[in-house]
Structure formats: structure tokens, C-alpha cells
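The values are calculated or read from the model by the stated rules, or taken from the named source; none is laboratory data. Keep in mind that what you see is a predicted model, and the values were worked out from it rather than measured. Cβ atoms come from the backbone with ideal geometry, glycine included; neighbour counts cover every protein chain shown. Please note that ligands, DNA and RNA were not included when accessible areas were found on the heavy atoms of the full protein model with its side chains. Shrake-Rupley method; radii C 1.70, N 1.55, O 1.52, S 1.80 Å.
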Amino acid sequence: VGAAWTEVAVVTCILLGRVAVIVSGMEADSYQMKIAWAAGFFDGEAHIDLRAIRSERYSRHGVRHTPRIVLAQTEQLSIGQLQKLFGGSTRLRKGASGNHRAIWEWYVSGARSCQPVLEKVLPHLIVKRAEAEIVLEFCQQVQAKGGKPLTAAEFEARVDMSDRMQALRDSHRPGRSY
């Protein structure tokens, strides 16, 4: 363990839904601390998905698959931190009624945007690890294809990834055993 670690004091405070990480003596590793914080946020709040979209225009198979990561929260500060770390887009959704607060969303979509984000957080993920691994598998297949038309076997591999993602979501719904 390096000398810098002996001086590190990490305190996590949860106050009104905000998570603050206070770190001293760890300037060189602060980026990795932010990535670890983001991974914890992903585990608790992220929706990592491989969406199957009906599309005759963009796919001769009638469906195209697109990875997407979305995190939503009422606190803008955390959403802004994700955008600083990973890029992506943010938006504000108004509450459904007078009693609901507005919700901030951060999101990335597409293999080129999702892959670098998931590669950074994957080593720290626990809850969302399986979903991230499926989306990374998809992203690697897209990179290898280089925009060429899919063969029937490649399309079936994407359908399999989408089906595995759906099975994971189904297994984590309330009322079911893990």
C-alpha cells in the first residue's frame, strides 16, 4: 500500500438524498474515486439496457438494437457530475403532478457512447455488473462489424443478448426470488 493511502480519509455522508464523498490526501487518485462513486450510483439508480427497436428503415431484419444507459434523480448536482465525468446528455422531466418533484436524467445511447462509460465503471459494479457485461459484449460486436450489414448469425447473437438482458430484468422484479 502506497504512502498516499496512509493519509487518506474517506467519509461518505448521506443527507437528503445527496451523497458527498470527502477525500483528503488523494489528489492523484481522485479521478478513480469519482469513477468508483459513479459505479455506486449506477448500481443503485442506473437503467442499463439493450433496446430492440422495430425499424425497417435501418435494418433489413426489421429490428435494430441500441444500448442505452439512463440515471434519474431529483438532485441536479449528481446528474451534472455524471455529465462531467462521462459526457452524455441531461434533461429535466417535470413531475407527473403537483405532488411530484421534477426529475433530472443523465443518459448515453449507442455503442460508441456506452462502451467507454461501462468499461470505466465495470470493475466497481456489483448489482448492475451482468447488465453492463451484456451491453459491453454488444458494443464489442458493433465495433468488430464496422458498420457492415449483419449476417443472420450476427443478428441472432444480438437477439440472444437482448433476450438475456430481458431475463435479467425479469429476475430482479419485486416479488421474485433472486
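List of remarks:
- Ranked from largest to smallest solvent-accessible area, with a 1.4 Å probe on the protein heavy atoms, R54, R64 come out as R54, R64.
- Annotation: per residue accessible area for the range 80-141 equals 56 Å², rounded to a whole number [probe 1.4 Å, protein chains only].
- Theoretical FRET efficiency, 1/(1+(r/R0)^6), r = Cβ-Cβ of Q143 and Q32, R0 25 Å, to 0.05: 0.50
- With R₀ fixed at 30 Å, the C-beta to C-beta distance from S171 to R112 puts the FRET efficiency at about 0.55.
- Around E105: net Lys/Arg minus Asp/Glu count, Cβ-Cβ under 10 Å: +2
- Distant-in-sequence amide contacts of R51, defined by a placed amide H-H separation under 5 Å and a gap of 5 or more residues or a different chain, comprise T66, R68.
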